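These notes concern the structure reproduced below.
The values are calculated or read from the model by the stated rules, or taken from the named source; none is laboratory data. Quick caveat, the model's predicted, so the values are computed rather than measured. Quick reminder, even Gly has a Cβ in these numbers, built from the backbone with ideal geometry, and neighbours come from all protein chains shown. Calculation scope for accessible area: heavy atoms of the full protein, side chains included, ligands and nucleic acids excluded. Shrake-Rupley method; radii C 1.70, N 1.55, O 1.52, S 1.80 Å.
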Amino acid sequence: MQKEPLAHVRIANAVTLAYSAIEEMQLELRASRENPSRLKDGSWNPVVLNELKQRLRKAKIDINDPFIWTIRGPKTRIERSRQIPSIGKAKWTYGLVRDRKVSIVDALAYASWLRSTTTTRRFTKASASLTVCDAYNVQLLARRLLMERFGE
């Protein structure tokens, strides 16, 4: 966790800009108050999920290939508030290296939540717990989507 306020601003901007790249490709999570991404039981809203998967497939994104979400150190306030849905640990996970395999749709939803709750609003204690790993994850997600979408 960074103690320097300017570092918080830089990390928040990195998350916001990376997510903006995802939005420019039109691969963002599309939900609203009337049509939320999650149902009351916490499961995906099938309408939102199917629409997202359809756009991802059309953009040539392999939705079956898990995304590695990098997690280092002890749990942050952000993680205690909401953990990323994991489909398993990365094989090198040990101790404070807590990397997780995540579905691409859950990675997108978590990146959207990070951007919406910690980087584009007034800074809070949760914002102060943003780490370089948070920015790295959203940047790497945007990179993967760009590479797959444009055939590299």
Output for Cβ contacts, cut-off 8 Å, separation at least six or different chains, first residue on the phi > 0 side of the Ramachandran plot in the stretch 56-74, second of a type in the set (Asp, Glu) and surrounded by 13 or more Cβ atoms within 10 Å (Cβ to Cβ), reads Lys60/Glu148
Select from the stretch 1-42 the residues that are among the small types (Gly, Ala, Ser) and open to solvent by 30 Å² or more (accessible area, probe 1.4 Å) and write down the one among them that is farthest from Arg80 (Cα to Cα). Ala21
Quickly run through the stretch 38-51 and pick out the residues that are in contact (Cβ under 8 Å) with a residue 24 or more places away in the chain and either in contact with a Leu (Cβ under 6 Å, 6 or more places away or on another chain) or acidic (Asp, Glu) (or both). none
Would you mind stating whether Leu52 is in a helix (DSSP H, G or I), of a type in the set (A, V, I, L, M, F, W, C), modelled with pLDDT of 95 or more and open to solvent by less than 90 Å² (accessible area, probe 1.4 Å)? yes
Tally of residues being open to solvent by less than 50 Å² (accessible area, probe 1.4 Å), over 24 Å from Arg55 (Cα atoms) and either assigned to a helix (DSSP H, G or I) or modelled with pLDDT of 90 or more (or both) across the stretch 94-134: 10
I want to confirm something. Restricting to the stretch 61-93 and keeping residues that are at pLDDT 95 or above and of a type in the set (D, E, K, R), which single residue is nearest to Met25 (Cα to Cα)? Asp62
